[in-house]
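Chemist: Got a structure here, written out as structure tokens. Questions coming.
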Amino acid sequence: MAEYVVAGATGHVGSVVAQALLDSGRKVRVIARDPHKAERWKKRGAHVGQVDLSNVHDLLNGLRGTEAAFLLLPSFPPNTTGVRGKAKKIIDALVHAISGTDVKHVVFLSSVGAQHADGTGPVVLLHDAEQELRTLKTPVTFLRACYFMENWGPALPDAKEGLLNTFLPAELKWNHISTHDVGQTAARLVLEHPKAHRVVELSGPEEVGPADVARVLSKLLETEVEPLEEPLDQVAEAFTGMGFSPELAQMYQGLYQGIASKRLSFEHPESVVRGKDTLEQTLQAMLAKL
């Protein structure tokens, strides 16, 4: 039976990919830097391999003999420095390992705005990845997801007290998607057999923004929640105060500026794939875990 590799199975998206493939009767190989964190996947019937995504030897072992793979760039700890260099090491390892195995198809988790070489904050790392992965003969599906609904998670405790903190204008609207929808879509795509590289852009049912989030939270919490707009030019200072390196903090300022200016937009809006999960469904599930 063909085996499918899933990276990031200890996170929001990868866990959905792995579970969806297992539920469909596929053989799954979960790769993780810390196999202890992926121990639960053994109990669910998956194989677990210890793989550092920046290590070519690890990746070769992780991908060898498999049909297709779901891969991504892992998130960096807040205090990381030399971010672009560290990302390049992972990207180079992915390229060498994919070209050194007979894996037939890769789904790579990218982002809306990855078509741009600048002005997108940390999304520029995914632009770099796309450029390098396009040199491969192995077909790669670049799954460009939009803003995760789950990114509102850190604001929920204050929202329960009536305030929704945001660095963006309350009435601004942009594309959001649940990580559940991203994972379900990735699991479906990884089973396909494209003949060449392709881009799949993914959004939720509708555009929403801070005012919409506040409105939905007001309903779910049964208390009035108001958006509290913080100055956009204070993003980096705020993130540095939360323990982020100055480099990463500046990247996140660029991300918010890219959202506000609509630079983080779809390259092919006419063919965007839409998920099903609504903002209300996702926020309700998040509140239940608080």
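What follows draws every value from the coordinates through simple rules; no lab data is involved. Here the structure is a predicted model, which means the values were calculated and not measured. Positions of Cβ are generated from backbone atoms using ideal geometry, with glycine treated the same way; all protein chains shown enter the neighbour counts.
Chemist: Within region 210-238, work out how many residues are without any contact (Cβ under 8 Å) to a residue 24 or more places away in the chain and either within 21 Å of Leu255 (Cβ to Cβ) or surrounded by fewer than 15 Cβ atoms within 10 Å (Cβ to Cβ) (or both).
Modeler: Keep residues of region 210-238 that are without any contact (Cβ under 8 Å) to a residue 24 or more places away in the chain, which gives 215, 218, 222, 233, 236-237.
Subset that is either within 21 Å of Leu255 (Cβ to Cβ) or surrounded by fewer than 15 Cβ atoms within 10 Å (Cβ to Cβ) (or both): 222, 233, 236-237.
Total meeting the criteria: 4.
Chemist: Residue by residue through region 107-148, note down the ones that are farther than 21 Å from Lys195 by Cβ and hydroxyl-bearing (Ser, Thr, Tyr).
Modeler: Residues satisfying the conditions are Ser111, Thr120, Tyr147.
Chemist: Tell me, which residue of region 239-280 that is touching a residue at least 24 places away in the same chain (Cβ under 8 Å) and among the β-branched types (Val, Ile, Thr) is farthest from Ala117 (Cα to Cα)?
Modeler: Thr278
Chemist: Right, another one. Taking region 81-106 on its own, how many of its residues are more than 16 Å from the chain's Cα centre (by Cα) and either under 23 Å from Glu192 (Cα atoms) or among the aromatic types (Phe, Trp, Tyr) (or both)?
Modeler: Count: 12.
Chemist: Identify all residues within region 1-38 that are buried (at least 18 other Cβ atoms within 10 Å of the Cβ) and assigned to a helix (DSSP H, G or I); write none if there are none.
Modeler: Of everything in region 1-38, those that are buried (at least 18 other Cβ atoms within 10 Å of the Cβ) and assigned to a helix (DSSP H, G or I) turn out to be Val13, Gly14, Ser15, Val16, Val17, Ala18, Gln19, Ala20, Leu21, Leu22, Ala38.
Chemist: Additional query: Regarding region 1-20, can at least one residue be identified that is in contact with a Pro (Cβ under 9 Å, 6 or more places away or on another chain) and among the aromatic types (Phe, Trp, Tyr)?
Modeler: Quick first cut of region 1-20, residues in contact with a Pro (Cβ under 9 Å, 6 or more places away or on another chain) only: 7-8, 11.
Narrowing further to those that are among the aromatic types (Phe, Trp, Tyr): none.
The answer is no, given that none of the residues of region 1-20 is in contact with a Pro (Cβ under 9 Å, 6 or more places away or on another chain) and among the aromatic types (Phe, Trp, Tyr).
Chemist: Here's a follow-up. Restricting to region 73-87, name every residue that is of a type outside the set (Lys, Arg) and part of a helix (DSSP H, G or I).
Modeler: Val83, Gly85, Ala87 - these are the residues of region 73-87 that are of a type outside the set (Lys, Arg) and part of a helix (DSSP H, G or I).
Chemist: What number of residues in region 234-286 are in a loop (DSSP other than H, G, I, E, B) and hydrophobic (A, V, I, L, M, F, W, C)?
Modeler: From region 234-286, those in a loop (DSSP other than H, G, I, E, B) are 242-245, 261-268, 272, 275-278; that's our starting set.
So of that shortlist, the ones also hydrophobic (A, V, I, L, M, F, W, C) come out as 242, 244, 264, 266, 272.
Selection size over region 234-286: 5.
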